[in-house]
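Values quoted throughout were computed directly from the atomic coordinates according to the rules given, and no laboratory measurement underlies them. Predicted, not measured: the structure shown is a model, and the values here were computed from it. FYI the Cβ positions are ideal-geometry reconstructions off the backbone, even for glycines, and counts take in every protein chain you see.
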Ligand code: ATP
Ligand code: FE
């Protein structure tokens, strides 16, 4: 089944064409908005919506062209319905509903988090179900028991910041720019991860719950009260921060897999692109005899190919979105 998918939940306008039953990505276009938000050190929702409006049609057209197809070939529309910035979501979701209406095609609204949890299916070596998944992104940090392609059970999530948000906020404190994750990762390559002993929030009683606000404060406490830290100390701070985040993510993922009796562990979301996290998780999974499935970095951060997969399976499970379906800014996946 040929799926045209759209993702516009945040600051990327993305469109993909995927032959979903064969899990073959025919086109995967992403138009990033980082340039317009960078001066503000974070996303400005109004600017994001306006840029989505400008980009949605050309990005969809480019994806169809890359795939060598036209709308006549498409059999299903899928678009992120939520959660995210509602002004941004409305652009992509309304576009998809309009195309579906005009072309007499079915349209399905997709939960963005389901997309991240299924991104690993786009890889040649994809996991079978069930699996334990760590979703670690800009707005979410949570562990899931994934029982099937449309059956997700949340085991626990963050009480405060998401891991990606912590990366972005620490980068801002260090004056590095936006988005912070990749910048911190790059600087950390030249730093000592043991230079600062930053706290790990294990939260023993709620074993699958995360917290990153204490770690963020601990980083702030090693910085001078006014002004920027010594440039020479920045790589060590980045490496120590990254190590603290990764250790908790890795160990809680293993704990969750053990609790579920799963042999398969999956990573998803923007922070899953972090090389240190990938290497540490791979090492620990090997030690514990677990199989690890990692999406390529391009399928970790926001993309529409993962939305095509989630949309396809939601459609197969009987979901469909009529013209009056609304985008939603907040929603948990259960
Ligand atoms: P959500 O999926 O929760 O709605 P989002 O869609 O905004 O949030 P993603 O695009 O999935 O988030 O991920 C973006 C986040 O990933 C940002 O916080 C960014 O800093 C982080 N990130 C991206 N690459 C890396 C990296 N290499 N290391 C660490 N963090 C990274
Ligand atoms: Fe995302």
Relative contact order computed over the stretch 124-294 (Cα-Cα under 8 Å; 6+ residues apart), in percent: 28
Rounded FRET efficiency, nearest 0.05, which uses the C-beta distance separating residue 326 from residue 126 and R0 of 30 Å: 0.40
Tilt of helix 45-67 relative to the longest C-alpha principal axis of the chain, in degrees (0 to 90, nearest 10)? 60
Helix 275-288 vs. the chain, principal-axis angle (Cα, 0 to 90°, nearest 10): 80
Only counting other Cβ atoms within 10 Å, I'd like 110, 59, 86 sorted with the fewest neighbours first. 86, 59, 110
Can you sort 178, 313, 328 from fewest to most other Cβ atoms within 10 Å of each residue's own Cβ? 328, 178, 313
Output the 0 to 90 degree angle, nearest 10, between the alpha-carbon long axis of helix 234-260 and the longest principal axis computed from the alpha carbons of the chain. 60
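Hey, what number do you get for the chain at 222 nm if only DSSP H runs of n ≥ 4 count, each worth -39500 (n - 2.57), divided across all residues, to the nearest 500?
-13000 deg cm²/dmol
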How do the peptides 304-310, 273-279 rank, highest first, by the average count of neighbouring beta carbon atoms within 10 Å per residue? 304-310, 273-279
Going from the fewest other Cβ atoms within 10 Å to the most, one would list 329, 49, 321, 88 as 329, 49, 321, 88
Would you mind pulling out the separation of the Cα centroids of the stretch 98-152 and the stretch 293-334, in Å? 5
Relative contact order, percent, of the stretch 35-167 when contacts are C-alpha pairs under 8 Å separated by at least 6 residues? 15
Contact order normalised by residue count of the chain, Cα under 8 Å, 6+ apart, percent: 25
